[in-house]
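Chemist: Questions regarding the structure given below will be posed in turn.
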Amino acid sequence: MRRLFAYAAGFAFLALPLSAAEVTTHTLENGMEIVVLEDTRAPVVVHMVWYRVGSADEPAGTSGIAHFLEHLMFKATDTLESGELSQTVAANGGSDNAFTSYDFTAYFQRVAADRLELMMEMESSRMDGLRLVPEDIPTERGVVVQERKQRTDNSPGALFGEQRRAAQFLNHRYGVPIIGWMHEAERLSMEDAMAFYDRHYGPNNAILVVAGDADPDEVIAMAERHYGVIPANPNIVPRERVAEPPQLAERRLVMEDARVAQPYVIRTYLAPERDAGDQREAAALTLLAEVLGGTGATSVLGTKLEFDRQVSIYTSAFYSGLSLDDTTFGLVIVPAEGVSLEEAEAALDGAVAEFFDEGVDPDQLDRIKMQLRAAQIYEADNISSLARRYGAALTSGLTVADVEAWPDILQDISAEEIVAAGRAVFNRNNAVTGWLRAPETGPELEATQ
């Protein structure tokens, strides 16, 4: 009876709506797209402007310029003093920030609903009115360099990740770090920033997402007043990305760093992204990552390697299909004490091979689908997360219809589709296998120190 009740409760949960928000879309004459996610439960709004440009759109030799420009966008505009936007947001009890990815750059404010028009007035001023001065450059460039030192250079795992991505993508800019290579980030100039701004920023390359207590008609009217008067930028052209050549051989890395406390093995495979109107393979890979490595106590890798054979203290699988171009699917194993990296990698390969022979456990798949459904409902209950769900998808080549269809597609994927997707992706010719460890020492090495 308890099992029957659990299934009934699960089906009832799956029937819950994914969001309390009503979705409205509109496009201004200058090409700017608008998405309004109305949720009147609290008098708060999130105002986000997403640009279809990220670090993968940077010219060669200027790595980090997309992120650097994001920093500079908080400087002066035609109508705002340097720093005035953030100061005004804070004075009105709100918060603001920005972030850069490979495929998009986004700017946002979270404020009381009655401050929405003020946000539009300020944000629109930096869409085509950025006014940099030479004094802005060394200070902000120094901030970016310090950020790289703290987040990347001080972390063996982050440095290893850069090397792995550079090996994974032979030709595509996804192999270049978002924050930039240090030797290029240190040389970024005002001319580089303004050239990137002039080429990519404008209403015809932007998406406005407003989530929260906002009437769609009023939002569109405000957008017409503040964004609609900005002319389309004639420099903006459709994205042109280079393609990966056929990958014919596995790449392997061994990186040693004295700061490594726990060695591990990671393998990533080139994998397809979510495509507009065709998301089933990406959905199958999303579920595959959960089946293989979602939770240590119940996942395939966790059960086999952490608990049954005790050769590992941690395993994981990861995949993010939200990408304009091909992405990656990854596997990680951290060996238990006394287990070498070579033994750990062999154990990982063996567990994956067993999985393909055995297939997906139906009960595990039902549980994962229910957990994903729950996570999507909880995420949609947060207007900031909801706004990001739509903004990130739309700037990665998907549509509103794709975003809304995604949860049901995940629920509809079969065990057979999951296995087939994994077999198609797990091609060692498309893989990078890396070992991260501390330097090996022996008597002969210790004697020379």
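Chemist: Looking for something open to solvent by 30 Å² or more (accessible area, probe 1.4 Å), more than 25 Å from the chain's Cα centre (by Cα), in contact (Cβ under 8 Å) with a residue 12 or more places away in the chain and within 15 Å of PHE74 (Cα to Cα) - is there at least one such residue anywhere in the stretch 180-193?
Modeler: Yes, the conditions are met somewhere in the stretch 180-193.
Chemist: When residues of the stretch 97-137 are filtered for being touching an Asp or Glu at 6+ places or on another chain (Cβ under 7 Å), in a helix (DSSP H, G or I) and closer than 25 Å to ILE236 by Cα, how many remain?
Modeler: So the answer is 1.
Chemist: Which one is nearest to GLY397 (Cα to Cα) among residues in the stretch 79-102 that are of a type outside the set (Phe, Trp, Tyr) and touching a helix residue (DSSP H, G or I) at 6+ places or on another chain (Cβ under 6 Å)?
Modeler: If we take residues in the stretch 79-102 being of a type outside the set (Phe, Trp, Tyr) and touching a helix residue (DSSP H, G or I) at 6+ places or on another chain (Cβ under 6 Å), then THR100 is nearest to GLY397 (Cα to Cα).
Chemist: Now a separate question. Which of the following residues is crowded, with 19+ Cβ neighbours inside 10 Å and outside any loop (DSSP other than H, G, I, E, B): VAL35, VAL53?
Modeler: VAL35
Chemist: Please name all residue pairs, on different chains or six or more residues apart, with Cβ atoms under 8 Å, provided the first residue is in the stretch 63-79 and is over 13 Å from TYR51 (Cα atoms) and the second residue is crowded, with 24+ Cβ neighbours inside 10 Å and at pLDDT below 95.
Modeler: Nothing qualifies.
Chemist: For the stretch 326-355, which positions are open to solvent by less than 10 Å² (accessible area, probe 1.4 Å) and outside any helix (DSSP H, G or I)?
Modeler: Within the stretch 326-355, PHE329, GLY330, LEU331, ILE333, PRO335 meet the criteria.
Chemist: Here are some residues: GLU162, GLU186. Which one is touching a helix residue (DSSP H, G or I) at 6+ places or on another chain (Cβ under 9 Å), within 30 Å of TYR269 (Cβ to Cβ) and of a type in the set (Asp, Glu)?
Modeler: Among GLU162, GLU186, only GLU162 is touching a helix residue (DSSP H, G or I) at 6+ places or on another chain (Cβ under 9 Å), within 30 Å of TYR269 (Cβ to Cβ) and of a type in the set (Asp, Glu).
Chemist: Another one. List pairs: first residue in the stretch 84-96 and in a loop (DSSP other than H, G, I, E, B) and of a type in the set (Gly, Ala, Ser), second residue open to solvent by 70 Å² or more (accessible area, probe 1.4 Å) and at pLDDT 95 or above anywhere in the structure, Cβ distance under 8 angstrom, at least six positions apart or on different chains.
Modeler: GLY94/ARG110; GLY94/ARG115
Chemist: Here's a check for you: in the stretch 374-398, which residue that is open to solvent by 10 Å² or more (accessible area, probe 1.4 Å) and closer than 17 Å to SER95 by Cβ is nearest to the chain's Cα centre (by Cα)?
Modeler: Once the filter is applied, the top-ranked residue is ARG388.
Chemist: Next question, about the same structure. State all residues of the stretch 234-254 that are in contact (Cβ under 8 Å) with a residue 12 or more places away in the chain and farther than 14 Å from GLU58 by Cα; if no residue qualifies, say none.
Modeler: Within the stretch 234-254, ASN235, ALA243, GLU244, PRO245, GLN247, LEU248, ALA249, GLU250, ARG251, ARG252, LEU253, VAL254 qualify.
Chemist: Among the residues of the stretch 210-219, which ones are open to solvent by 30 Å² or more (accessible area, probe 1.4 Å) and assigned to a helix (DSSP H, G or I)?
Modeler: Once the filter is applied, which keeps residues that are open to solvent by 30 Å² or more (accessible area, probe 1.4 Å) and assigned to a helix (DSSP H, G or I), the stretch 210-219 yields ASP217, GLU218.
The values are calculated or read from the model by the stated rules, or taken from the named source; none is laboratory data. If you're wondering where the values come from, they're calculated on a predicted model, not measured in any experiment. Neighbour counts run over all protein chains shown; Cβ positions are idealised from the backbone, glycine included. Calculation scope for accessible area: heavy atoms of the full protein, side chains included, ligands and nucleic acids excluded. Shrake-Rupley method; radii C 1.70, N 1.55, O 1.52, S 1.80 Å.
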